[in-house]
Structure formats: C-alpha cells, structure tokens
C-alpha cells in the first residue's frame, strides 16, 4: 500500500501505537495513512503513529465497519454478540482476527460485565496494549455491556497451532 495523505473530516478517536493511549485526532488534521489491515487504519499524526478503528473509518473518508448486534429485548448480554465484537478485532500486523489467531482463551459473562482472557502472539509484543484496548472498545459496543475486563495471560504460550485452519491458509502456513 502506498502512503496517502488524508485530511480528517471529523474528530476521530484513535490509539497511540504501541502503548494504546487514547487520543482524539481533531477535524481538519493532516494524517498520513501508512497501513490498512483487518478494517483498522494506521496513521502518522503529529509525529506519532496511531490506530484508527474501522468503526471510525468515515473520519478518514473510508466506509466504516458497522457492527450490528442481535437485540435481547431486555438487559441481557448475548454471548454471540460478544464473540461477534471480538471477531472484529484484528492483529495490527496481520489481516486475521484475534479469534482466528487463537488469541482468545476465554470469554465469560457475569451480568453486564464481560471477562475476557487473551494472550499475544509473543510475550514482548509491543502492540499488546493496543489489542487489549481494541477488545475493550469493540466489546463495549455490544448492547447491555457495562464493563469489559481483559486478563492478558501468557501461559500457555501462543503457538501457530492455535490458529484456525482458515487463518493458517490466509497466512500461507499450510
């Protein structure tokens, strides 16, 4: 992908890479698009690298990802909605969802709180905070979810055998 200069057309939430600090890129700011993978965008803004979620892609002039969820009709959190949200989170360096990569070890719903246990492809992955914040953000969009807690675990360590066959094919690992 060739780098592209874009003028942000509305205030846009983003996460600084690699530490995951939330920022707002102000309307009319010039950014340089450096990467577009899995529906997320990496931009350079004011000398910093930031990640814009696909749900906010319209601020960059792209079609946003729209996550549509089933309505429970009450205050219940529907587990399939949570998995749909988690599946919309992609590894920043690979166009594969973190679910297909096998990074999600568990998901538990307690009332209106969602507890997620996940790992990283490497213990020293600098994008860990960004991935955790991305999971919290997307699961937080699920109807009736009040709190999202992510437990980042490194045991058992991730291995490529944890990937789905589809993800292995996508990555050319077969």
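Once C-alpha pairs closer than 8 Å and six or more residues apart are averaged by separation and normalised to the residue number of the range 61-123, the relative contact order reads 22 percent. Here are some values of volume of the Cα convex hull per residue in Å³: [x] 133; [y] 120; [z] 192. Which one was computed from this structure? Given [x] 133; [y] 120; [z] 192, the structure-derived one carries the label [y]. Assuming R0 = 30 Å, what is the FRET efficiency of residue 152 and residue 34, from their Cβ-Cβ distance, to the nearest 0.05? That gives a FRET efficiency of 0.70. Report summary: the helix-based calculation at 222 nm, which adds -39500 (n - 2.57) for every DSSP H run with n ≥ 4 and divides by the residues of the chain, gives -4500 deg cm²/dmol. Over the chain, what is the mean sequence separation of C-alpha contacts under 8 Å (at least six apart), divided by residue count, expressed as relative contact order in percent? 19 percent. Modelled spin labels at residue 94 and residue 117, positioned 7 Å past Cα toward Cβ, are 2.2 nm from each other. Sorted on the mean count of surrounding Cβ atoms within 10 Å across their residues, most packed first, peptides 152-164, 110-122 read 110-122, 152-164. Spin-label model, residue 23 to residue 87: label points 7 Å out along the Cα-to-beta-carbon direction sit 3.3 nm apart. Summary of packing: across the peptides 15-28, 46-59, 132-145, the per-residue average of other C-beta atoms within 10 Å ranks them, highest first, as 132-145, 46-59, 15-28. Remark: the residue 74-residue 9 segment gains 19.8 nm on full extension, using 0.36 nm per residue and subtracting the alpha carbon distance.
Can you grab the distance from the C-alpha centre of the range 42-88 to the C-alpha centre of the range 104-174, Å, no decimals? Cα centroid to Cα centroid, the span is 15 Å. Tell me the relative contact order for the range 86-174 as a rounded percent, counting alpha carbon contacts under 8 Å between residues six or more apart. 33 percent.
Computed from the coordinates by the stated procedures, all read-outs in this text should not be read as laboratory data. The structure presented is a predicted model; accordingly, all values stated were derived computationally and were not measured. All Cβ positions, glycine included, derive from the backbone under ideal geometry; neighbour counts span all protein chains shown.
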